[in-house]
Amino acid sequence: MLNKTTLIAAAIALACGVAAAATLCVANQGDALSMDPHSLNESLQLSFTGNIYEPLVARGKQLELAPGLATSWKMVSPTVWRFELRKGVTFHDGTPFTADDVVFTFKRAAADGSDMKSYTAPIKEVRKVGDAAVEIETAAPFPILPDTLSTLYIMSRKWCEDNKATVPVDRRKGVENTASFKANGTGPYRLKERQPGSKTVVVRNPRYWGPVEGNADEVIFTPIGNDATRVAALLSGEIDLMEPAPLQDVERLRASPNLKVMQGPELRTIFLGMDQKRDELLHSNVKGKNPFKDKRVRKAFYQAIDIETIKSRVMRGAATPTALMVAPGIKGFVPELNKRLPYDPDGAKKLLAEAGYPNGFEVGMNCPNDRYVNDGKICEAVAANLARIGVKVNLQTESKGTYFPKILRRDTSFYLLGWTPGTYDSHNALIGVMASPADKGQGQFNLGSYSNPRLDELTLKVQGETDQAKRNAMIREAFELHAADVGHIPLHQQALAWAMKKNVELVQLADNNMPYRWITVKP
């Protein structure tokens, strides 16, 4: 009988082994969970759908702002930006792209069920100025508005109305609509086939308005969760490119005469969150109170984690330990604050005893096992560290397909998450992950509901401050408050590791996006 690994390999060979030279076969440890660009603010999903859909403001090869569906933009008043739209663009179904689609998209992205609310939160109104221009008015001055739009993809109003997909589905509720498995963008690739969990195929859009530097006419994307199977598929030539390359196999892959490995820093910060809102944790043996409301407990957890051993053994050196929730390279990063609390298990035990838990306690922990580099193994290491101070962690690791809906509805007490600010600015982490959960997307990914009123106040001030020195000072204060509160437990920035055939040429971006239009497969 064929085992699952053999069946996956056979499917890949069937899909890619007989492919023409212009077909690119890509594998990842997880799948893009939906074709709806507003349903999940997750990097892999946005990277994949970003080949089908496009934003008003795009990013270049150095992550600089670049014209997308808007050819230019300017601030016409302290709270109003005008965007001139690209003319002659059509969606994949032939429908013309107009200002109506932009107005519709921003309304859709702000609707219930959307995972993109943190990007639309500062916006008061989007209005059309003829068919080829829109104005975006913010509730207060927002000088980095263009920076926030590069992952907010434009959808066709007509297509969404015709297909009853005018609002995104709520991943927390596990529901779907037509936009979950079909797509109609303006991008360089159009969706040809969607088999969730198996493969997704995109092909070149012959009517694309812009240049396509790569030569892949067809891209077959295959999720392969098993590291050994993914490596075997690349070594045998059944796939052309995989991400991530398992850290334990990097040197083996690099030694292959037909392969190469690209490694580089990533802007993603991996961190732990704790439920600090409920009066009693959902998943703990402590009844009648919530240990995580006590800063001493949060600090004890932090100081119990042996981050250097996680770096050397779990991450094989491909990680940079951090004390901040943003990475170097993100605007507002404060190098002098990037000093972790010392690893001190004895001190952690004393803190737990002072908080009333001399013998520790039990707590559930949720982690994905196919989203970040060695995510499940990181959580296993954290659980082992915490056991040394008397905390019994009941660890549940699972595929991101079930993990994200669970934690996004806050059905968790202790969890691992990764965050890359889509704006490449600290304000994104502040408003999305660190500020108190509120209406219109603030704190939408602050899943443990950490709250500090002064940090919330600073977040709003940072949003509208145009003086860079004052803005940086406010970001610094917010980071200092968060660190003093132990609002989350930052772990590290993981490193990128992509492996590919030597005839594959591509651009590796620090945000881990993979635009297929920049990939060339040489003969």
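The values are calculated or read from the model by the stated rules, or taken from the named source; none is laboratory data. Note that the structure is a prediction, hence the values are computed from the model and not measured. Note that we place each Cβ from the backbone using ideal geometry, even for glycine, and neighbour counts take in every protein chain shown. The accessibility values were calculated without ligands, DNA or RNA, using every heavy atom of the protein model including side chains. Shrake-Rupley method; radii C 1.70, N 1.55, O 1.52, S 1.80 Å.
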Could you tell me what percent of the accessible area of the stretch 102-216 is made up of carbon and sulfur, with a 1.4 Å probe and every protein chain present? 47
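Sorting check: for 220-227, 380-387, 266-273, which peptide has the highest mean count of neighbouring beta carbons within 10 Å, and how do the rest follow?
266-273, 220-227, 380-387
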Report the rotationally averaged projected area of the stretch 40-93 based on its alpha-carbon convex hull, in square nanometres. 5.4
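Set the Förster distance to 35 Å, then compute FRET efficiency between ARG254 and LEU341 from the Cβ-Cβ distance, nearest 0.05. Please report the intermediate quantities before stating the final value.
On the way: r = 36 Å, r/R0 = 1.02.
Result of the calculation: an efficiency of 0.50.
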For the chain, what is the charge dipole size about the Cα centre, in debye to the nearest 20, if Lys and Arg each add +1 at the Cβ and Asp and Glu each add -1 at the Cβ? 320
When the gyration tensor of the stretch 8-148 is built from Cα positions, what are the square roots of 5 times its three eigenvalues, in whole Å, from largest to smallest? 33, 17, 14
Can you give the Rg to Rh ratio of the stretch 314-409, both from alpha-carbon atoms, with Rh computed by the Kirkwood formula? 1.01
Using the Kirkwood formula on alpha carbons, the hydrodynamic radius of the stretch 141-200 in angstrom works out to 13.8
Could you report the chain's accessible area per residue, 1.4 Å probe, as an integer in Å²? 38
Estimated dipole of the stretch 241-311 in Debye, rounded to 20 [Cβ of Lys and Arg +1, of Asp and Glu -1, Cα centre]: 380
At a 10 angstrom cut-off on C-beta neighbours, averaged per residue, how do the peptides 68-78, 397-407 rank from highest to lowest? 397-407, 68-78
Calculate the FRET efficiency for LYS128 and ASN285 from the Cβ-Cβ distance with a Förster distance of 60 Å, rounded to the nearest 0.05. 0.60
Using the per-residue mean of other Cβ atoms lying within 10 Å as a proxy for protection, in what order, highest first, do the peptides 58-67, 449-458, 163-172 fall? 163-172, 449-458, 58-67
Along each principal axis of its Cα atoms, how long is the stretch 452-495 end to end? Whole angstroms, biggest number first, please. 31, 28, 13
In Å, the Kirkwood estimate of hydrodynamic radius for the stretch 379-476 over Cα pairs equals 15.4
Extreme residue, positive dipole direction of the stretch 140-190, given options ALA179, SER156, ALA140 (C-beta unit charges): ALA179
Binned at 10 Å from 0, what are the whole-percent values of the Cα-Cα distance distribution for the chain, short to long? 4, 19, 29, 27, 16, 5, 1
For the stretch 87-246, state the average projected area of the convex hull of the C-alpha atoms over all orientations, rounded to one decimal in nm². 11.9
Could you compute how fast the stretch 206-328 diffuses translationally, taking Rh as the Kirkwood radius over C-alpha pairs and applying Stokes-Einstein at 4 °C with viscosity 1.567 mPa s? Give it in µm² per second. 68
